[in-house]
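The values are calculated or read from the model by the stated rules, or taken from the named source; none is laboratory data. Since we're looking at a predicted model, the values are computed, not measured. FYI the Cβ positions are ideal-geometry reconstructions off the backbone, even for glycines, and counts take in every protein chain you see. Areas reflect the complete protein model, heavy atoms only, side chains present, ligands, DNA and RNA absent. Shrake-Rupley method; radii C 1.70, N 1.55, O 1.52, S 1.80 Å.
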Amino acid sequence: MTIKHLTAFLVFALLGCKSNQQINKQNVENAITKNVSQLLEDDKRFHSVSVAVFKDGESTIKHFGELSIGKGNKPNDSTLYELASVTKTFTGYVAAKAVLDKKISLDDDIRIYLDEPYPNLEFKDEPIRIKHLLTHTSGFPNFPIKSENKSAFFEGLKLIKIETKPGEIYSYSNTAPELTAYILEKVYQKPYEELVFEFVLEPNKMNQTKFTLNDNERTRLVKGYNDKNELMPNFNRTLWGGISGLHSTTTDLIKYMKLQLDKSNLIVNESHKKLYKEGSDFWEGYHWYILENGNELIYRHHGGIYGMQNWFVIYPKQNIGISILTNTSFNETGEILEKVVDKLYGDISK
């Protein structure tokens, strides 16, 4: 093949590759539009929806609806959403780093990191271990008994009665991740908020993701609704932020997808380990819900707070990430959004 022919071949190959990328991106955009438009048409309790998809190295973001009822103010790439419990996956990432750094061990009795004995935090001489905090198998109550401030939180720990052997029964707990955040803060001798910034946000250039917002950023923060179209307050963080408190944009969540799909990242690999099995195809990782059935492997987490809900889902075998966020919150919101994500994934993975 002559140089002239080789050059022509390479030009056509590059044009073909670019054309395929454009077609694939258009297919993703069409799938997002179809599924979200159907949601907004079928259920008037939803007012705005933002979707971010990362597939085979290409990112696609689309926004729909209105942030304020009747104002037509559509969300955009700068809109800040509360991530709610998806914040727990950041806690899991920092905990995975702490394990690799040998700052903590999954089998550590949590009381070695506490300043008082807490004899109540065991069941028949079986202690609560770090891995139990990460997998919702500690026996802790869902919400802290006292959460008005950090000192009250530890007073509340003294009132807990563990009634089952740690590690045996799954029971969702917002108390456990806050204690995990405190332990991480203690072993690294840095504020938890700073650990998330140093280990996750800064390295991945997630500049729009943060716990504490300034006045300008607060103007971009979504104000959400319940199913009666009543405006709901934003979450007021009083503890470390292990369970909730992060705010983010769709563009930053694309960066978080890239991180979670990075198979060369040792911390990601550790955080994706299966630590507790629940059912035939369901596991708990470092605050990841892991579904594996045949060729299907999914890492996911739901976040729900006053007036706002979201799903963050990773499909590592297909190199796909999906985030869907809305400015409404009621009992069925998470289930409805989950179905939208499933349909969207089905459309874009064909």
In whole Hz, with x marking every Gly and Pro, tabulate ³J(HN,Hα) for the stretch 164-179 from phi via Karplus 6.51 cos²θ - 1.76 cosθ + 1.60, θ = phi - 60°.
9, 5, x, x, 9, 10, 6, 8, 3, 9, 8, 6, 4, x, 5, 5
Ranked highest first by the average count of other Cβ atoms within 10 Å around their residues, in what order do 279-291, 135-147, 249-261 fall?
249-261, 135-147, 279-291
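Over the stretch 105-218, what is the relative contact order in whole percent, taking alpha-carbon pairs under 8 Å and six or more residues apart?
Working: 134 pairs, mean separation 27.2, N = 114.
Once divided by the residue count of the stretch 105-218, the mean separation gives 24 percent.
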Would you calculate, for the chain, the mean residue ellipticity at 222 nm contributed by helices, counting each DSSP H stretch of 4 or more residues as -39,500 (n - 2.57) and dividing by all residues, to the nearest 500?
-11000 deg cm²/dmol
For the stretch 130-195, take the convex hull of the Cα atoms, compute a quarter of its surface area, and give me that in nm², please.
4.5
C-alpha center-to-center spacing [the stretch 42-118, the stretch 164-236] in angstrom:
8
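Which percent of the accessible area of the chain is formed by carbon and sulfur heavy atoms (probe 1.4 angstrom)?
Details: 8240 of 16350 Å².
On the chain, the fraction of accessible area on carbon and sulfur atoms equals 50 percent.
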Could you provide, to the nearest whole Å², the per residue accessible area of the chain with probe 1.4 Å?
47
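Can you give me the relative contact order of the chain as a percent, contacts being Cα pairs under 8 Å and 6 or more apart?
Details: 652 pairs, mean separation 80.7, N = 350.
Computed value for the chain: 23 percent relative contact order.
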Could you sort the peptides 293-305, 322-334, 233-245, 114-126 by per-residue average Cβ neighbour count (10 Å cutoff), highest mean leading?
322-334, 233-245, 293-305, 114-126
Relative to the present Cα-Cα distance, how much length would full extension add between residue 230 and residue 150 at 0.36 nm per residue of separation?
25.7 nm
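Stick to the Cα atoms of the stretch 86-208, pair each with every other, and give me the Kirkwood hydrodynamic radius in Å at one decimal. Numbers along the way, then the final one.
Details: mean 1/r = 0.0674 Å⁻¹.
Value: 14.8 Å, from the Cα pair sum.
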